[in-house]
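Structure, as structure tokens:
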Amino acid sequence: MVECDGREAYMIWCFKTAQTERYTCLAYPSSIGTEMEAALEEDDGKTVESMVQRTITDALMVNPRTEYVRDFVFRWEGDSMSCLFTVKGIGWDEIFEIRI
């Protein structure tokens, strides 16, 4: 087992929350996770990007340690999408990026 500090634990929480589909893991309350599957079902790329940004932002803002989530960058390769975004936790001067 590896020990981590509060900032690192928060970063891991952010990554896992952004990767977890809401309502699919019985161990998590309904406030944890994103609604990525619904977002990715849309036909228009800009609509998908908007919905992904909204669901990730909403999911991470549940945590009172989250100051903001922004600067989303989307990359498309055929039907596959990845995104990079910035998260800032309250009380930390540094921001960090998450790629999903």
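The values are calculated or read from the model by the stated rules, or taken from the named source; none is laboratory data. Remember, it's a predicted structure, so these values are computed and weren't measured experimentally. Here the Cβ is made from the backbone with ideal geometry for all residues, glycine too, and neighbour counts use every protein chain on show. These area figures cover heavy atoms from the full protein model, side chains too; ligands, DNA and RNA do not enter into them. Shrake-Rupley method; radii C 1.70, N 1.55, O 1.52, S 1.80 Å.
Just to confirm my filter: which strands (runs of 3 or more DSSP E) fall fully inside segment 51-100 and include at least 1 residues that are open to solvent by 90 Å² or more (accessible area, probe 1.4 Å)?
On the way: elements: 66-77, 80-89, 95-99.
Here the list reads 66-77, 95-99.
Being in contact with a helix residue (DSSP H, G or I) (Cβ under 8 Å, 6 or more places away or on another chain) and either touching a residue at least 60 places away in the same chain (Cβ under 8 Å) or within 17 Å of residue 70 (Cα to Cα) (or both) is the filter here; which residues of segment 40-53 pass it?
Going through segment 40-53, the residues in contact with a helix residue (DSSP H, G or I) (Cβ under 8 Å, 6 or more places away or on another chain) turn out to be 40, 42, 48, 51-52.
Of everything in segment 40-53, those that are in contact with a helix residue (DSSP H, G or I) (Cβ under 8 Å, 6 or more places away or on another chain) and either touching a residue at least 60 places away in the same chain (Cβ under 8 Å) or within 17 Å of residue 70 (Cα to Cα) (or both) turn out to be 48, 51, 52.
For segment 6-22, enumerate the residues that are part of a loop (DSSP other than H, G, I, E, B) and either open to solvent by 50 Å² or more (accessible area, probe 1.4 Å) or in contact with an Asp or Glu (Cβ under 7 Å, 6 or more places away or on another chain) (or both). Full working, then the answer.
Just the residues of segment 6-22 that are part of a loop (DSSP other than H, G, I, E, B), to begin with: 20, 22.
The one that is part of a loop (DSSP other than H, G, I, E, B) and either open to solvent by 50 Å² or more (accessible area, probe 1.4 Å) or in contact with an Asp or Glu (Cβ under 7 Å, 6 or more places away or on another chain) (or both): 22.
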Which listed residue is among the aliphatic types (A, V, I, L, M) and farther than 18 Å from residue 99 by Cβ, from 81, 11, 1, 36: 1
What tally of residues in segment 68-100 results from selecting those that are closer than 16 Å to residue 18 by Cβ and touching a residue at least 12 places away in the same chain (Cβ under 8 Å)? 21
Please determine whether any residue of segment 23-44 is at pLDDT 90 or above, open to solvent by 70 Å² or more (accessible area, probe 1.4 Å), part of a helix (DSSP H, G or I) and more than 18 Å from residue 9 (Cα to Cα). yes
